[in-house]
Amino acid sequence: MIVMLLNVCHFMVTGDAQALIAGCCLPWMTGTAVNPLFRAAYLSIGGDRKVTLVVPWLSIRDQELVYPSNTTFVLPSQQEKYIREWLEERIGSKFNFNLQFYPGKFAVDKRSILPVGDISEIIPDDESDIAILEEPEHLTWYHHGRRWKKKFKWVVGIIHTNYLEYVKREKNGAVEAFLLEHINRWVVHIYCHKVIRLSAATQDYPKSVICNVHGVNPKFLEIGKQKMEQRQDEDQVFGKGVYYIGKMIWSKGYRELLKLLGDHQKDLAGIEVDLFGNGEDSDEVQKAARDLELSVKVHPGRDHTDPIFHDYKVFVNPSTTDVVCTTTAEALAMGKFVVCADHPSNEFFRQFPNCFLCDKSDAFVRGIFKALTEEPEPLTNAQMHELSWEAATERFLTAAELDQPLAKKPQRTRSKKFLSMSLQLGRKFDDASAYIHHVTLGFEGSRRAFGAVPGSLHPDEQQCKELGIASPSNKRGWKK
């Protein structure tokens with residue numbers, strides 16, 4: 001649920017290239033908060049691109065629902081300080097990007113933060129060349145404002161989440177997934193010129209490309225290097241066995257993992273498994289773990305860089321709801337074995353010899369025993385680079401077609417008469433489709449019917465005051 005907006009005429013050339021990113025943020029420890037933050041940092045390296053990270057500002061009540069450990073902020077400046085310190089602690093340096101907030105609300109039923117009002121107004125028209133919408137379907141389901149394609153010359157959407165898989169697990173999931181698939185395809189087509197899917201586990205979109213444009217926090221690669229150095233002096237550097245870390249909700253792999261452990265309790269006798277996470281289903285996960293004969297311990301969530309994880313040898317993750325699992329990449333970067341599902345979401349990890357892809361539950365058991373009895377292969381320099389944010393940024397620029405001048409894009413090229421007419425008809429159809437979406441989402445009743453958060457058409461007075469933007473009663477645009 002992030003939007004990255006870039007004002008870039010010649011992205012590879014130094015100058016006044018600008019980038020803006022907006023979406024969910026820390027301290028909500030989700031991939032769609034962490035990954036765009038790193039992307040903003042690495043895009044700003046060199047100083048030839050002006051980067052602005054735009055994140056949602058929540059009311060105190062919503063902050064209490066979303067942010068862990070009772071962490072709340074009275075002012076946006078306090079949250080900005082938290083975000084910057086978190087990033088600098090992990091990368092070891094400061095980055096030259098701006099940070100700005102837009103009003104958001106937490107949708108309890110969707111467990112998601114959704115934008116309030118027209119967030120495209122944050123970007124001045126003279127700085128709106130390129131937009132990158134991370135989770136474009138999420139950002140545009142309830143968008144009521146200027147059409148991204150009209151405001152920006154080039155709009156790229158990055159598909160982060162396998163929404164269809166989550167919906168299928170709910171009541172009447174098959175019907176809802178069918179409807180959601182078509183709604184997603186509709187809004188992404190309306191608002192994006194280019195679509196990047198992190199893996200084939202996501203919904204398919206016309207003219208999309210599959211590319212993992214995420215990297216890992218460089219601290220994980222440092223931990224991996226330290227383990228490699230230890231192995232020169234010690235035979236065994238991993239003193240602990242099997243673990244899993246992830247948000248503690250059933251759809252994040254816990255259901256599959258506990259079923260796997262329950263079905264193979266005799267085969268796995270004597271093996272200890274530690275689970276780390278916080279989430280709405282924590283109590284149920286703990287109860288299910290206690291019912292097993294195996295030694296399965298459930299612990300509160302921690303940052304994956306915490307020293308407590310350094311000595312674990314095997315990361316296991318049978319989840320099939322991920323798109324590209326961040327913690328899997330982090331475990332590989334730390335030099336561990338990974339035992340995960342042979343699933344499109346894990347295709348990127350196939351290139352790493354320490355990753356065991358398993359298609360059946362008994363293969364998982366064999367993979368766990370193999371990992372516990374062998375030693376991981378040290379990562380090569382090339383493999384470490386593949387996991388890094390430097391490589392991810394290179395992949396991103398290529399996949400998004402931002403490694404070439406914007407003027408070269410074939411949006412306004414002349415063609416044969418029949419092709420020109422066809423393009424014009426296509427644009428008219430797109431305009432009509434976008435108009436229908438705009439009108440439909442302009443009324444509180446219709447928005448509620450489609451599942452929008454109540455009162456999300458415009459920000460409330462308190463949020464406007466906290467953010468220093470014009471209130472809905474007299475607002476004609478965002479205050480400068």
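When the residues of the stretch 345-365 are filtered to those that are in contact with a strand residue (DSSP E or B) (Cβ under 9 Å, 6 or more places away or on another chain) and under 13 Å from residue 319 (Cα atoms), which remaining residue is most open to solvent (accessible area, probe 1.4 Å)? Give the derivation first.
The first filter runs over the stretch 345-365 and keeps only residues in contact with a strand residue (DSSP E or B) (Cβ under 9 Å, 6 or more places away or on another chain), leaving 346-347, 349-350, 352, 354-359, 363-365.
Right, trim to under 13 Å from residue 319 (Cα atoms) and you get 346, 357-359, 364.
Numbers: 346: 4, 357: 42, 358: 9, 359: 115, 364: 14 Å².
If we take residues in the stretch 345-365 being in contact with a strand residue (DSSP E or B) (Cβ under 9 Å, 6 or more places away or on another chain) and under 13 Å from residue 319 (Cα atoms), then 359 is most open to solvent (accessible area, probe 1.4 Å).
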Original post:
In the stretch 201-250, how many are of a type in the set (Phe, Trp, Tyr) and assigned to a loop (DSSP other than H, G, I, E, B)?
Top reply: 2
Original post:
Any residue in the stretch 270-277 that is over 20 Å from the mean Cα position of the chain (by Cα) and at positive phi?
Top reply: yes
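Right, residue 207: free of Cβ contacts under 8 Å to residues at least 60 places away in the same chain and farther than 23 Å from residue 305 by Cβ or not? Explain how you work it out, then say what you get.
Values: free of Cβ contacts under 8 Å to residues at least 60 places away in the same chain: yes; farther than 23 Å from residue 305 by Cβ: yes.
Yes, satisfied.
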**OP:** Output the number of the condition that residue 170 fails; it satisfies all remaining conditions of (1) surrounded by fewer than 18 Cβ atoms within 10 Å (Cβ to Cβ); (2) modelled with pLDDT of 85 or more.
**Re:** (2)
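With 444, 394 as the choices, which residue is at pLDDT 90 or above and open to solvent by 30 Å² or more (accessible area, probe 1.4 Å)?
Values: 444 fails: at pLDDT 90 or above.
Only one candidate qualifies: 394.
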Original post:
In this structure, is residue 187 part of a helix (DSSP H, G or I), open to solvent by less than 60 Å² (accessible area, probe 1.4 Å), under 30 Å from residue 147 (Cα atoms) and not basic (Lys, Arg)?
Top reply: yes
Original post:
Among 201, 177, which is the only one that is surrounded by 14 or more Cβ atoms within 10 Å (Cβ to Cβ), within 29 Å of residue 260 (Cα to Cα), among the aliphatic types (A, V, I, L, M) and touching a Pro at 6+ places or on another chain (Cβ under 7 Å)?
Top reply: 201
Subject >> Residue that is nearest to the chain's Cα centre (by Cα) [pool: residues in the stretch 332-390 that are farther than 21 Å from residue 268 by Cβ and among the hydroxyl-bearing types (Ser, Thr, Tyr)] >> reply: 345
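Would you list the strands (runs of 3 or more DSSP E) that sit entirely within the stretch 74-165 and hold 3 or more residues that are open to solvent by 20 Å² or more (accessible area, probe 1.4 Å) and under 24 Å from residue 45 (Cα atoms)?
On the way: elements: 97-107, 112-115, 130-134, 154-159.
So the answer is 97-107.
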**OP:** Looking only at the stretch 443-468, count how many residues are of a type in the set (A, V, I, L, M) and free of Cβ contacts under 8 Å to residues at least 40 places away in the same chain.
**Re:** 1
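Can you tell me which residue among 120, 69, 93, 77 is of a type in the set (Ser, Thr, Tyr) and closer than 30 Å to residue 153 by Cβ?
120
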Original post:
Which residue pairs have Cβ atoms under 9 Å apart, sit 6 or more places apart or on different chains, and have a first residue in the stretch 308-324 that is closer than 13 Å to residue 242 by Cα and at pLDDT 90 or above and a second that is assigned to a loop (DSSP other than H, G, I, E, B) and of a type in the set (Phe, Trp, Tyr)?
Top reply: 310/238; 311/238; 312/238; 313/238; 314/238
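With more than 21 Å from residue 138 (Cα to Cα), at pLDDT below 85 and within 29 Å of the chain's Cα centre (by Cα) as the only criterion, which of 462, 411 stands out? Write out each step before concluding.
Numbers: 462 fails: at pLDDT below 85.
Every option except 411 fails the conditions.
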Subject >> Candidates 225, 247, 240, filtered to the one that is open to solvent by 20 Å² or more (accessible area, probe 1.4 Å) and touching a Leu at 6+ places or on another chain (Cβ under 9 Å) >> reply: 225
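Of everything in the stretch 330-344, what is touching a helix residue (DSSP H, G or I) at 6+ places or on another chain (Cβ under 7 Å) and open to solvent by 10 Å² or more (accessible area, probe 1.4 Å)? Give them in sequence order. I'd like the intermediate steps shown before the answer.
Keep residues of the stretch 330-344 that are touching a helix residue (DSSP H, G or I) at 6+ places or on another chain (Cβ under 7 Å), which gives 330, 332-335, 337-340.
Those that are touching a helix residue (DSSP H, G or I) at 6+ places or on another chain (Cβ under 7 Å) and open to solvent by 10 Å² or more (accessible area, probe 1.4 Å): 330, 335.
Quick grid of which residues meet (1) open to solvent by less than 40 Å² (accessible area, probe 1.4 Å); (2) at pLDDT 90 or above:
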{"residue": "400", "(1), (2)": "yes, yes"}
{"residue": "419", "(1), (2)": "no, no"}
{"residue": "432", "(1), (2)": "no, no"}
{"residue": "435", "(1), (2)": "no, no"}
{"residue": "450", "(1), (2)": "no, no"}
{"residue": "472", "(1), (2)": "no, no"}
{"residue": "477", "(1), (2)": "yes, no"}
Original post:
Do we find a residue being at pLDDT 80 or above, of a type in the set (Gly, Ala, Ser) and surrounded by fewer than 19 Cβ atoms within 10 Å (Cβ to Cβ) anywhere in the stretch 48-68?
Top reply: yes
**OP:** Could you please tell me which pairs satisfy a Cβ distance under 7 Å, a separation of 6+ or placement on different chains, a first residue in the stretch 229-253 that is of a type in the set (S, T, N, Q), and a second residue that is open to solvent by 30 Å² or more (accessible area, probe 1.4 Å)?
**Re:** 251/166; 251/169
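The values are calculated or read from the model by the stated rules, or taken from the named source; none is laboratory data. Bear in mind that the values here come from a model prediction, so they are computed numbers and not experimental data. Don't worry about glycine lacking a Cβ; one is built from the backbone with ideal geometry, like all the others, and counts go over all protein chains shown. Protein only, heavy atoms only, side chains kept; ligands, DNA and RNA dropped before computing areas. Shrake-Rupley method; radii C 1.70, N 1.55, O 1.52, S 1.80 Å.
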